[in-house]
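Everything below concerns the one structure shown next.
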Amino acid sequence: MKELEKVKRISIVSTLFILAILIGVLTFERPKNMYAINTKVTLEKLTANNYLISLNEINNPNIILIDVRSQFEYDKGYLKNAINISTPDILSQENQELFKEFKDNKKTVVIYGKNPQEANIPFLLLYQLGYDNLKLLAVENNYLQNKLITSQSEIEKPIADIKAFIDESTKNLKTTNTETDKKEPIKKVITVQKKKKKAAEGGC
Amino acid sequence: MDKKKIAKVASFRYKILAIIFLVLAGGLVLLPKYQKQEGIKSEALLSHANSAERYISTDQIANKIINQDPSFILIDVRDEESYNNYSLPNAINIPLKKIFDEESIAYLNQNEFDVIFFSNDNFYADQAWMLCDRLGFKNLRVLNGGLNKWFTTIINPTKPNDDMPDQAFELYTTRKASSMYFGVAYPDQVITDDSSLKTETPKQVITVQKKKKKAAEGGC
(Lines give C-alpha, C1' and ligand atoms only; values in the text may rest on other atoms or scores of the structure.)
Protein backbone atom coordinates (compact mmCIF):
# COMPACT_ATOMS: atom_id res chain seq x y z
CA MET A 1 0.00 0.00 0.00
CA LYS A 2 2.84 2.32 0.94
CA GLU A 3 4.65 1.48 -2.30
CA LEU A 4 1.55 2.31 -4.34
CA GLU A 5 1.21 5.71 -2.68
CA LYS A 6 4.84 6.47 -3.51
CA VAL A 7 4.44 5.54 -7.17
CA LYS A 8 1.31 7.62 -7.41
CA ARG A 9 3.10 10.67 -6.09
CA ILE A 10 6.10 10.21 -8.35
CA SER A 11 3.96 9.84 -11.43
CA ILE A 12 1.94 12.96 -10.63
CA VAL A 13 5.09 14.98 -10.10
CA SER A 14 6.70 13.71 -13.26
CA THR A 15 3.61 14.41 -15.39
CA LEU A 16 3.53 17.94 -14.07
CA PHE A 17 7.23 18.33 -14.77
CA ILE A 18 6.92 17.08 -18.34
CA LEU A 19 3.92 19.33 -18.88
CA ALA A 20 5.84 22.36 -17.66
CA ILE A 21 8.71 21.60 -19.99
CA LEU A 22 6.40 21.02 -22.94
CA ILE A 23 4.63 24.33 -22.36
CA GLY A 24 7.99 26.02 -22.06
CA VAL A 25 9.23 24.56 -25.32
CA LEU A 26 6.04 25.30 -27.21
CA THR A 27 5.77 28.92 -26.08
CA PHE A 28 9.46 29.63 -26.53
CA GLU A 29 9.66 32.53 -28.91
CA ARG A 30 12.35 32.06 -31.43
CA PRO A 31 13.73 35.39 -32.65
CA LYS A 32 12.70 35.77 -36.25
CA ASN A 33 15.70 37.34 -37.86
CA MET A 34 18.79 36.31 -36.09
CA TYR A 35 22.19 37.89 -36.26
CA ALA A 36 24.80 35.57 -37.62
CA ILE A 37 27.79 37.63 -36.55
CA ASN A 38 28.40 39.83 -33.55
CA THR A 39 29.32 43.50 -33.65
CA LYS A 40 33.05 43.00 -33.29
CA VAL A 41 33.23 40.63 -36.24
CA THR A 42 31.04 42.99 -38.25
CA LEU A 43 33.39 45.86 -37.57
CA GLU A 44 36.41 43.79 -38.53
CA LYS A 45 34.77 42.71 -41.76
CA LEU A 46 33.66 46.23 -42.56
CA THR A 47 37.09 47.68 -42.17
CA ALA A 48 38.88 44.81 -43.91
CA ASN A 49 36.66 44.08 -46.90
CA ASN A 50 35.72 46.20 -49.80
CA TYR A 51 31.96 46.21 -49.88
CA LEU A 52 31.55 49.05 -52.34
CA ILE A 53 30.84 48.51 -55.99
CA SER A 54 30.78 51.08 -58.74
CA LEU A 55 28.27 51.72 -61.48
CA ASN A 56 30.23 50.16 -64.33
CA GLU A 57 30.56 46.84 -62.50
CA ILE A 58 26.89 46.01 -62.24
CA ASN A 59 26.31 44.70 -65.76
CA ASN A 60 26.87 41.16 -64.67
CA PRO A 61 24.21 38.42 -64.82
CA ASN A 62 25.30 37.22 -61.40
CA ILE A 63 24.32 40.49 -59.80
CA ILE A 64 20.92 41.28 -58.36
CA LEU A 65 20.06 44.91 -57.76
CA ILE A 66 17.94 45.85 -54.78
CA ASP A 67 16.36 49.28 -54.66
CA VAL A 68 15.75 50.27 -51.03
CA ARG A 69 13.92 53.52 -51.78
CA SER A 70 10.18 53.80 -51.24
CA GLN A 71 7.75 52.31 -53.72
CA PHE A 72 6.78 55.78 -54.90
CA GLU A 73 10.31 56.71 -55.86
CA TYR A 74 10.91 53.29 -57.36
CA ASP A 75 7.90 53.71 -59.62
CA LYS A 76 9.27 56.98 -60.90
CA GLY A 77 12.42 55.33 -62.12
CA TYR A 78 14.90 52.63 -61.26
CA LEU A 79 18.02 50.95 -62.51
CA LYS A 80 17.53 48.15 -65.01
CA ASN A 81 16.33 44.86 -63.46
CA ALA A 82 16.26 46.26 -59.94
CA ILE A 83 13.90 44.79 -57.36
CA ASN A 84 12.18 47.16 -54.96
CA ILE A 85 12.49 46.26 -51.28
CA SER A 86 12.19 49.42 -49.24
CA THR A 87 14.21 49.67 -46.03
CA PRO A 88 11.34 49.23 -43.52
CA ASP A 89 10.24 45.99 -45.22
CA ILE A 90 13.67 44.47 -45.39
CA LEU A 91 13.09 42.08 -42.50
CA SER A 92 9.70 40.76 -43.62
CA GLN A 93 9.49 37.02 -44.04
CA GLU A 94 9.12 36.90 -47.80
CA ASN A 95 11.97 39.31 -48.35
CA GLN A 96 14.19 37.34 -46.03
CA GLU A 97 13.36 34.20 -47.98
CA LEU A 98 14.28 36.04 -51.13
CA PHE A 99 17.65 37.05 -49.72
CA LYS A 100 18.25 33.51 -48.55
CA GLU A 101 17.50 32.22 -52.02
CA PHE A 102 19.97 34.69 -53.56
CA LYS A 103 22.60 33.58 -51.09
CA ASP A 104 22.01 29.90 -51.84
CA ASN A 105 22.25 30.58 -55.56
CA LYS A 106 25.54 32.41 -54.97
CA LYS A 107 24.27 35.65 -56.47
CA THR A 108 25.79 38.93 -55.49
CA VAL A 109 23.18 41.26 -54.04
CA VAL A 110 23.86 44.93 -54.72
CA ILE A 111 21.98 47.47 -52.63
CA TYR A 112 21.39 51.03 -53.70
CA GLY A 113 19.28 53.95 -52.53
CA LYS A 114 18.93 57.65 -53.07
CA ASN A 115 22.51 57.99 -51.93
CA PRO A 116 25.06 55.66 -50.33
CA GLN A 117 24.03 56.86 -46.88
CA GLU A 118 20.49 55.65 -47.42
CA ALA A 119 21.64 52.24 -48.60
CA ASN A 120 24.02 52.00 -45.68
CA ILE A 121 21.40 51.08 -43.07
CA PRO A 122 19.78 48.11 -44.84
CA PHE A 123 23.18 46.99 -46.02
CA LEU A 124 24.62 46.92 -42.55
CA LEU A 125 21.57 45.21 -41.09
CA LEU A 126 21.57 42.43 -43.67
CA TYR A 127 25.30 42.12 -43.28
CA GLN A 128 24.89 41.42 -39.58
CA LEU A 129 22.21 38.85 -40.34
CA GLY A 130 24.89 36.89 -42.12
CA TYR A 131 24.43 37.71 -45.79
CA ASP A 132 28.00 38.09 -46.91
CA ASN A 133 27.13 38.21 -50.61
CA LEU A 134 26.22 41.88 -50.24
CA LYS A 135 27.65 44.93 -51.95
CA LEU A 136 26.77 48.56 -51.72
CA LEU A 137 26.42 50.55 -54.90
CA ALA A 138 28.05 53.93 -54.42
CA VAL A 139 25.69 56.03 -56.52
CA GLU A 140 23.46 58.98 -56.13
CA ASN A 141 20.05 59.01 -57.77
CA ASN A 142 18.53 62.30 -58.74
CA TYR A 143 15.66 63.33 -60.95
CA LEU A 144 15.94 65.69 -63.82
CA GLN A 145 12.59 66.43 -65.40
CA ASN A 146 11.22 63.18 -63.96
CA LYS A 147 14.04 61.19 -65.40
CA LEU A 148 16.30 59.20 -63.15
CA ILE A 149 19.88 60.36 -63.28
CA THR A 150 22.33 58.02 -61.62
CA SER A 151 25.78 59.28 -60.90
CA GLN A 152 28.77 57.81 -59.20
CA SER A 153 29.38 59.22 -55.76
CA GLU A 154 32.37 59.07 -53.53
CA ILE A 155 31.82 58.12 -49.94
CA GLU A 156 33.18 60.25 -47.13
CA LYS A 157 34.99 62.58 -49.45
CA PRO A 158 35.61 65.92 -47.77
CA ILE A 159 34.19 68.70 -49.93
CA ALA A 160 36.52 71.33 -48.56
CA ASP A 161 39.46 71.78 -46.30
CA ILE A 162 37.74 73.59 -43.47
CA LYS A 163 40.93 74.51 -41.65
CA ALA A 164 42.42 76.00 -44.80
CA PHE A 165 39.21 77.93 -45.38
CA ILE A 166 39.25 79.44 -41.90
CA ASP A 167 42.95 80.27 -42.13
CA GLU A 168 42.40 81.85 -45.51
CA SER A 169 39.61 84.05 -44.20
CA THR A 170 41.68 85.30 -41.29
CA LYS A 171 44.64 85.90 -43.56
CA ASN A 172 42.51 87.98 -45.91
CA LEU A 173 41.35 90.02 -43.01
CA LYS A 174 44.87 90.66 -41.77
CA THR A 175 45.98 91.97 -45.12
CA THR A 176 43.11 94.45 -45.12
CA ASN A 177 43.36 96.06 -41.73
CA THR A 178 42.60 94.41 -38.44
CA GLU A 179 44.32 91.76 -36.52
CA THR A 180 42.52 88.77 -35.33
CA ASP A 181 43.73 86.22 -32.99
CA LYS A 182 43.97 82.87 -34.51
CA LYS A 183 42.05 80.58 -32.35
CA GLU A 184 43.94 77.73 -30.95
CA PRO A 185 42.05 74.51 -31.16
CA ILE A 186 41.04 73.74 -27.68
CA LYS A 187 42.16 70.46 -26.39
CA LYS A 188 39.71 68.73 -24.21
CA VAL A 189 40.99 67.31 -21.02
CA ILE A 190 39.58 63.94 -20.52
CA THR A 191 40.09 61.81 -17.54
CA VAL A 192 39.25 58.24 -17.93
CA GLN A 193 39.39 56.16 -14.92
CA LYS A 194 41.26 52.98 -15.48
CA LYS A 195 39.68 49.83 -14.31
CA LYS A 196 41.47 48.39 -11.38
CA LYS A 197 41.79 44.74 -11.38
CA LYS A 198 40.90 43.36 -8.03
CA ALA A 199 42.30 40.13 -6.92
CA ALA A 200 39.66 37.49 -7.00
CA GLU A 201 38.25 37.00 -3.63
CA GLY A 202 38.18 33.48 -2.58
CA GLY A 203 35.05 31.53 -2.15
CA CYS A 204 35.02 28.46 -0.16
CA MET B 1 -1.05 -12.72 -19.08
CA ASP B 2 -1.85 -9.05 -19.18
CA LYS B 3 -0.93 -8.63 -15.60
CA LYS B 4 2.44 -10.15 -16.26
CA LYS B 5 3.14 -7.76 -19.09
CA ILE B 6 2.16 -4.77 -17.04
CA ALA B 7 4.34 -5.94 -14.22
CA LYS B 8 7.23 -6.35 -16.61
CA VAL B 9 6.87 -2.80 -17.93
CA ALA B 10 6.28 -1.46 -14.45
CA SER B 11 9.54 -2.90 -13.26
CA PHE B 12 11.28 -0.61 -15.75
CA ARG B 13 9.27 2.42 -14.72
CA TYR B 14 12.11 4.28 -13.07
CA LYS B 15 14.46 3.65 -15.95
CA ILE B 16 11.87 4.85 -18.46
CA LEU B 17 11.28 8.00 -16.44
CA ALA B 18 14.99 8.61 -16.17
CA ILE B 19 15.40 8.29 -19.93
CA ILE B 20 12.54 10.72 -20.60
CA PHE B 21 14.13 13.29 -18.30
CA LEU B 22 17.50 12.82 -19.87
CA VAL B 23 16.07 13.43 -23.34
CA LEU B 24 14.30 16.56 -22.14
CA ALA B 25 17.45 17.79 -20.46
CA GLY B 26 19.24 17.27 -23.77
CA GLY B 27 16.60 19.51 -25.36
CA LEU B 28 17.47 22.30 -22.95
CA VAL B 29 20.99 22.40 -24.33
CA LEU B 30 19.56 23.46 -27.68
CA LEU B 31 17.48 26.34 -26.32
CA PRO B 32 20.09 28.88 -25.14
CA LYS B 33 21.52 29.11 -28.66
CA TYR B 34 18.91 31.73 -29.50
CA GLN B 35 19.79 33.78 -26.48
CA LYS B 36 23.40 34.04 -27.56
CA GLN B 37 22.22 36.80 -29.86
CA GLU B 38 24.23 39.84 -28.91
CA GLY B 39 22.40 43.09 -28.38
CA ILE B 40 18.89 44.17 -29.28
CA LYS B 41 16.66 42.37 -31.76
CA SER B 42 17.19 43.06 -35.43
CA GLU B 43 13.63 44.38 -35.81
CA ALA B 44 14.19 46.89 -33.03
CA LEU B 45 17.49 47.93 -34.58
CA LEU B 46 15.79 48.53 -37.92
CA SER B 47 13.08 50.67 -36.40
CA HIS B 48 15.64 52.69 -34.45
CA ALA B 49 17.65 53.19 -37.61
CA ASN B 50 14.61 54.33 -39.56
CA SER B 51 13.60 56.99 -37.07
CA ALA B 52 14.81 60.48 -37.87
CA GLU B 53 15.31 61.16 -34.17
CA ARG B 54 18.81 59.84 -34.26
CA TYR B 55 19.99 62.74 -36.40
CA ILE B 56 20.99 66.10 -35.08
CA SER B 57 21.41 69.06 -37.40
CA THR B 58 24.50 71.20 -37.79
CA ASP B 59 22.57 74.26 -36.59
CA GLN B 60 21.60 72.51 -33.38
CA ILE B 61 25.17 71.46 -32.75
CA ALA B 62 26.55 74.93 -33.45
CA ASN B 63 24.02 76.34 -31.03
CA LYS B 64 24.96 73.80 -28.37
CA ILE B 65 28.68 74.47 -28.72
CA ILE B 66 28.24 78.22 -28.56
CA ASN B 67 26.01 78.00 -25.51
CA GLN B 68 28.52 75.68 -23.89
CA ASP B 69 25.98 73.01 -23.33
CA PRO B 70 27.73 70.43 -21.16
CA SER B 71 25.37 67.57 -21.92
CA PHE B 72 27.02 66.02 -24.95
CA ILE B 73 30.29 64.67 -26.27
CA LEU B 74 31.33 64.76 -29.91
CA ILE B 75 32.96 61.67 -31.35
CA ASP B 76 34.98 62.04 -34.54
CA VAL B 77 35.06 58.63 -36.24
CA ARG B 78 37.47 59.65 -39.02
CA ASP B 79 41.12 58.68 -38.98
CA GLU B 80 43.64 60.48 -36.83
CA GLU B 81 45.16 62.49 -39.64
CA SER B 82 41.92 64.18 -40.63
CA TYR B 83 41.12 64.72 -36.98
CA ASN B 84 44.40 66.53 -36.40
CA ASN B 85 43.80 68.71 -39.44
CA TYR B 86 40.35 69.89 -38.45
CA SER B 87 37.66 68.74 -36.12
CA LEU B 88 34.80 70.25 -34.18
CA PRO B 89 35.77 71.99 -30.94
CA ASN B 90 36.16 69.57 -28.05
CA ALA B 91 35.64 66.52 -30.23
CA ILE B 92 37.16 63.21 -29.26
CA ASN B 93 38.81 61.11 -31.94
CA ILE B 94 37.72 57.48 -32.02
CA PRO B 95 38.39 56.07 -35.49
CA LEU B 96 35.71 53.64 -36.66
CA LYS B 97 38.12 50.74 -36.37
CA LYS B 98 38.68 51.40 -32.70
CA ILE B 99 35.14 51.93 -31.45
CA PHE B 100 35.16 48.69 -29.53
CA ASP B 101 38.48 49.30 -27.81
CA GLU B 102 38.26 49.37 -24.08
CA GLU B 103 38.99 53.10 -23.75
CA SER B 104 36.43 53.97 -26.41
CA ILE B 105 33.66 51.96 -24.81
CA ALA B 106 33.97 54.11 -21.70
CA TYR B 107 32.89 57.13 -23.73
CA LEU B 108 30.20 55.39 -25.73
CA ASN B 109 28.53 53.29 -23.08
CA GLN B 110 27.45 55.76 -20.40
CA ASN B 111 24.27 57.52 -19.44
CA GLU B 112 25.59 60.96 -18.55
CA PHE B 113 26.19 62.51 -21.96
CA ASP B 114 24.62 62.42 -25.37
CA VAL B 115 27.07 60.87 -27.77
CA ILE B 116 27.19 62.53 -31.18
CA PHE B 117 29.02 60.73 -33.96
CA PHE B 118 30.30 62.58 -36.97
CA SER B 119 32.53 62.00 -39.98
CA ASN B 120 32.92 63.72 -43.33
CA ASP B 121 29.36 62.89 -44.26
CA ASN B 122 27.23 60.57 -42.17
CA PHE B 123 28.27 57.27 -43.75
CA TYR B 124 30.89 56.12 -41.26
CA ALA B 125 29.09 57.85 -38.42
CA ASP B 126 25.98 55.82 -39.27
CA GLN B 127 27.97 52.62 -39.20
CA ALA B 128 29.37 53.48 -35.78
CA TRP B 129 25.88 54.39 -34.63
CA MET B 130 24.40 51.16 -35.91
CA LEU B 131 26.95 48.93 -34.19
CA CYS B 132 26.71 50.79 -30.90
CA ASP B 133 22.93 50.94 -30.99
CA ARG B 134 22.77 47.20 -31.46
CA LEU B 135 24.71 46.81 -28.23
CA GLY B 136 22.05 48.88 -26.50
CA PHE B 137 24.13 51.98 -25.76
CA LYS B 138 21.99 54.95 -24.82
CA ASN B 139 21.68 58.52 -26.15
CA LEU B 140 23.45 58.02 -29.45
CA ARG B 141 23.04 60.61 -32.18
CA VAL B 142 24.55 61.23 -35.60
CA LEU B 143 25.46 64.63 -37.01
CA ASN B 144 23.32 64.85 -40.13
CA GLY B 145 25.49 65.52 -43.16
CA GLY B 146 28.67 65.45 -41.11
CA LEU B 147 31.51 67.88 -41.59
CA ASN B 148 30.61 68.52 -45.22
CA LYS B 149 27.26 69.94 -44.17
CA TRP B 150 28.97 71.69 -41.29
CA PHE B 151 31.10 73.46 -43.86
CA THR B 152 28.27 74.40 -46.22
CA THR B 153 25.86 75.53 -43.52
CA ILE B 154 27.89 76.90 -40.61
CA ILE B 155 31.43 77.67 -41.74
CA ASN B 156 30.62 78.94 -45.20
CA PRO B 157 26.87 79.68 -45.36
CA THR B 158 25.57 80.72 -48.76
CA LYS B 159 24.13 84.19 -48.88
CA PRO B 160 20.42 84.15 -49.73
CA ASN B 161 19.21 85.91 -52.86
CA ASP B 162 17.24 89.12 -52.58
CA ASP B 163 14.00 87.40 -53.51
CA MET B 164 14.20 84.89 -50.71
CA PRO B 165 11.98 85.11 -47.62
CA ASP B 166 12.98 86.81 -44.39
CA GLN B 167 13.66 83.55 -42.63
CA ALA B 168 16.44 82.77 -45.07
CA PHE B 169 18.16 86.02 -44.16
CA GLU B 170 17.68 85.42 -40.46
CA LEU B 171 19.13 81.95 -40.79
CA TYR B 172 22.04 83.34 -42.77
CA THR B 173 22.82 85.96 -40.13
CA THR B 174 22.71 83.37 -37.38
CA ARG B 175 24.94 81.04 -39.30
CA LYS B 176 27.35 83.80 -40.17
CA ALA B 177 27.58 84.79 -36.53
CA SER B 178 28.25 81.19 -35.58
CA SER B 179 30.91 80.88 -38.23
CA MET B 180 32.64 83.91 -36.69
CA TYR B 181 32.54 82.10 -33.38
CA PHE B 182 34.25 79.14 -35.00
CA GLY B 183 37.06 81.31 -36.29
CA VAL B 184 36.00 82.51 -39.73
CA ALA B 185 36.71 86.17 -40.33
CA TYR B 186 34.74 88.33 -42.72
CA PRO B 187 36.16 91.38 -44.45
CA ASP B 188 33.01 93.39 -43.72
CA GLN B 189 33.28 92.55 -40.05
CA VAL B 190 33.12 95.49 -37.71
CA ILE B 191 36.25 95.79 -35.61
CA THR B 192 34.34 95.75 -32.35
CA ASP B 193 33.19 92.26 -33.26
CA ASP B 194 36.73 91.11 -32.66
CA SER B 195 36.23 90.88 -28.96
CA SER B 196 33.93 87.99 -29.57
CA LEU B 197 36.69 86.25 -31.44
CA LYS B 198 39.18 86.62 -28.67
CA THR B 199 37.07 85.01 -26.01
CA GLU B 200 38.25 81.52 -25.65
CA THR B 201 35.82 78.82 -24.97
CA PRO B 202 36.55 77.47 -21.55
CA LYS B 203 37.99 74.06 -21.35
CA GLN B 204 35.51 71.39 -20.77
CA VAL B 205 36.47 68.57 -18.53
CA ILE B 206 34.66 65.39 -19.08
CA THR B 207 35.04 62.58 -16.71
CA VAL B 208 33.69 59.32 -17.83
CA GLN B 209 33.54 56.82 -15.14
CA LYS B 210 34.10 53.28 -16.12
CA LYS B 211 31.69 50.80 -14.85
CA LYS B 212 33.57 48.82 -12.35
CA LYS B 213 33.14 45.17 -12.39
CA LYS B 214 32.65 43.93 -8.92
CA ALA B 215 34.94 41.20 -7.84
CA ALA B 216 33.16 38.02 -7.14
CA GLU B 217 32.21 37.98 -3.56
CA GLY B 218 32.82 34.87 -1.68
CA GLY B 219 29.92 32.61 -1.10
CA CYS B 220 29.07 30.40 1.78
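The values are calculated or read from the model by the stated rules, or taken from the named source; none is laboratory data. Because the structure is predicted, anything quoted here is derived from the model rather than measured. Glycine gets a Cβ as well: all are built from the backbone with ideal geometry, and neighbour counts include every protein chain shown. Surface accessibility is based on the protein's heavy atoms, side chains included, excluding ligands, DNA and RNA. Shrake-Rupley method; radii C 1.70, N 1.55, O 1.52, S 1.80 Å.
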Give me the accessible area of B:Thr207, 1.4 Å probe, in Å² rounded to the nearest 10.
-> 80
All alpha-carbon distances of the stretch A:39-152, grouped into 5 Å bins from 0, give the whole-percent distribution 2, 11, 23, 26, 21, 11, 4, 1, 0
Got a number for carbon plus sulfur as a percent of chain B's accessible area, 1.4 Å probe?
-> 56
A:Lys163 to A:Leu144: extension gain in nm, 0.36 nm per residue of separation minus the Cα-Cα distance?
-> 3.4 nm
Farthest positive-ward along the protein assembly as shown dipole, Cα basis, beta-carbon charges - from B:Ile16, B:Leu171, B:Leu131 = B:Ile16
Averaging over all projection directions, find the projected area of the Cα convex hull of the stretch B:1-118 and quote it in nm² with one decimal place.
-> 13.4
Rounded to the nearest 10 Å², the 1.4 Å probe accessible area of B:Met164 is 90
Under the 7 Å Cα-to-Cβ spin-label approximation, B:Lys8 and A:Asn172 lie apart by a distance in nanometres of 10.4
Just tell me the longest site-free run in chain B, where the sites are trypsin sites (Lys or Arg not before Pro) in a DSSP loop having at most 14 other beta-carbon atoms within 10 Å.
-> B:1-137
For chain B, what is the accessible area per residue in Å² when the probe is 1.4 Å?
-> 57
Accessible surface of chain A [probe 1.4 Å, protein heavy atoms]: carbon and sulfur percent = 53
Could you tell me which helices of chain A pass both thresholds, a Cα extent of 30 Å or more along their own axis and a mean Kyte-Doolittle hydropathy of at least 0.5, with helices taken as whole DSSP H runs?
-> A:2-27
From the cross-link list A:Lys40/B:Lys41; A:Lys45/A:Lys157; A:Lys157/B:Lys159; A:Lys106/A:Lys135, the entries with a Cα-Cα span beyond 18 Å are A:Lys45/A:Lys157; A:Lys157/B:Lys159
Calculate, in nm to one decimal, what B:Ala177 and B:Glu43 gain on full extension: separation in residues at 0.36 nm each, minus their alpha carbon distance.
-> 44.0 nm
Ordering B:Ile65, A:Ile23 from largest to smallest accessible area (1.4 angstrom probe), what's the sequence?
-> A:Ile23, B:Ile65
Using bins 5 angstrom wide from zero, how does P(r) for chain B break down, in % of all Cα pairs?
-> 1, 5, 10, 12, 13, 11, 9, 7, 5, 4, 3, 3, 3, 3, 2, 2, 2, 1, 1, 1, 1, 0, 0, 0
Note down the magnitude of the dipole of chain B about its Cα centre, charges +1 on Lys and Arg C-beta and -1 on Asp and Glu C-beta and zero elsewhere, to the nearest 20 debye.
-> 2720
Which three extents, in whole angstrom, do the alpha-carbon atoms of chain A cover along their principal axes, largest first?
-> 113, 58, 29
Shielding by partners, peptide A:42-48 (average Cβ within 10 angstrom, other chains) = 4
What whole number of Å gives the distance from the Cα centroid of the stretch A:97-149 to the Cα centroid of the stretch B:134-166?
-> 26
List the longest stretch of chain A that has no exposed loop site; here a site is one of the GluC sites (Glu not before Pro) assigned by DSSP to anything other than H, G, I, E or B, with at most 16 other Cβ within 10 Å.
-> A:30-153
What does the helix-only formula give at 222 nm for the protein assembly as shown: each DSSP H stretch with n ≥ 4 adding -39500 (n - 2.57), the total divided by the residues, and the result rounded to the nearest 500 deg cm²/dmol?
-> -13000 deg cm²/dmol
Between B and A, accessible area buried - total, square angstrom, nearest 100, 1.4 angstrom probe | 7100
Over 24 Å between C-alpha atoms is what I'm after, so list which of A:Lys174/B:Lys64; A:Lys80/A:Lys147; A:Lys6/B:Lys3; A:Lys114/B:Lys98; A:Lys107/B:Lys98; A:Lys163/B:Lys176 land there.
-> A:Lys174/B:Lys64; A:Lys114/B:Lys98; A:Lys107/B:Lys98
Equivalent ellipsoid, the protein assembly as shown (semi-axes from 5 times Cα gyration tensor eigenvalues, Å) = 57, 31, 17
Rounded to the nearest whole Å², what accessible area per residue is found for chain A with the 1.4 Å probe?
-> 65
Of the DSSP H helices in chain B, those whose Cα atoms cover at least 18 Å axially and whose Kyte score averages -0.5 or more = B:13-30
If the convex hull of the alpha-carbon atoms of the stretch B:69-109 is projected onto planes in all directions, what is the mean projected area in square nanometres?
-> 3.0
For chain A, give the magnitude of the charge dipole about the Cα centre (Cβ charges: +1 Lys/Arg, -1 Asp/Glu; no others), in debye to the nearest 20.
-> 1100
